[in-house]
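Bear in mind that the values in this text are calculations on the coordinates, not laboratory data. What you see is a predicted model; the values in this text were computed from it and never measured. Reconstructed Cβ throughout: ideal geometry from the backbone, glycine too, with neighbour counts over all protein chains shown.
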Amino acid sequence: MISFRRRKRRRVPALNTTATADISFMLLVFFLVTTSIDSDKGLNRTLPPLSQDETEQAIDVSERNVLRITIDDKDSLRCEGEQVTPDELRERIRSFVSTTEMEKHVLSIQVSRQTSYDAYFAMQNAIVAAYQSLRSEYAKQRFGLPLEQLTPEQRDSVILHVPQRISEGEPEE
C-alpha cells in the first residue's frame with residue numbers, strides 16, 4: 001500500500017500591521033504638540049484709525065520738527081538730502097529727536113517701490129535702534145535702571161515720553 005502524504009501548504013507568516021498606523025499617528029501628534037514653531041515678530045507700528053468719513057486727516061507740523069528720510073530705487077539712503085549709512089542715520093535720528101520736543105517730532109519716510117527689502121529693513125533697523133537707545137537713556141535718567149529691567153508701568157511711561165512718530169509714503173515724482 002502506497003500512502004500518499006499530502007503536502008501541507010506552508011503559510012507565509014504575515015506581520016500584523018494594524019497597530020503601526022496607530023503608533024505613527026501618536027508619534028505625529030506627539031511631535032506636533034512638543035515642537036515649537038518660531039514666528040517672526042514683524043515691525044511694531046501703530047496705524048492711525050480709519051476716520052468715519054474716510055477722508056485724510058491733516059496734522060500741522062512745523063517744518064523744523066520734521067526729519068526727512070528717503071530711499072530711492074537705487075537703494076540710496078538719504079537724510080535731509082544727504083546720503084548717509086544706516087549707522088549715520090541712527091545717530092542723526094538720535095540727535096534730532098533729543099533736540100526737538102518729544103511729542104512734536106516726526107520722521108517723514110519716503111521709499112521708492114523699487115527699493116530692495118535689505119535697504120528698507122536696514123533703514124528700519126536704524127530707526128528702531130535710535131529709539132531704543134533714546135528710551136534706554138531716558139530710563140536710566142528717570143528710574144536709574146536699564147529699559148529691560150523696568151516694570152511694565154515704568155516701561156510704558158518711558159515709551160510715552162519718547163514716542164515713535166513716523167509718517168511713511170512714496171516719494172513725489
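What does the charge add up to near Glu80, with Lys and Arg as +1, Asp and Glu as -1, over the other residues with Cβ less than 11 Å from its Cβ?
Here the charged neighbours net out to +2.
Which FRET efficiency, nearest 0.05, do Glu170 and Val33 yield, Cβ-Cβ r, R0 41 Å? Could you put the intermediate results ahead of the total?
Working: r = 45 Å, r/R0 = 1.11.
According to the calculation, E is roughly 0.35.
Let me know the shape class of the stretch 95-150, please: from the alpha-carbon gyration tensor, a ≥ b ≥ c as square roots of the eigenvalues, rounded when a/c is under 1.5, otherwise prolate if a/b is greater than b/c, or oblate.
The shape class here is oblate.
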Quiz item: Rounded to the nearest 0.05, what FRET efficiency do Arg78 and Glu101 have when you use their Cβ-Cβ distance and R0 = 22 Å?
Solution: 0.35
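Local charge sum around Ser108 (other residues, Cβ-Cβ under 11 Å, Lys/Arg +1, Asp/Glu -1)?
Result for the local shell: -1.
Which loop trypsin sites (Lys or Arg not before Pro) in the stretch 92-138, with loop taken from DSSP, have no more than 16 other Cβ atoms within 10 angstrom of their Cβ?
For trypsin sites (Lys or Arg not before Pro) across the stretch 92-138 that sit outside H, G, I, E and B with at most 16 neighbouring Cβ atoms in 10 Å, the list reads Lys104, Arg113.
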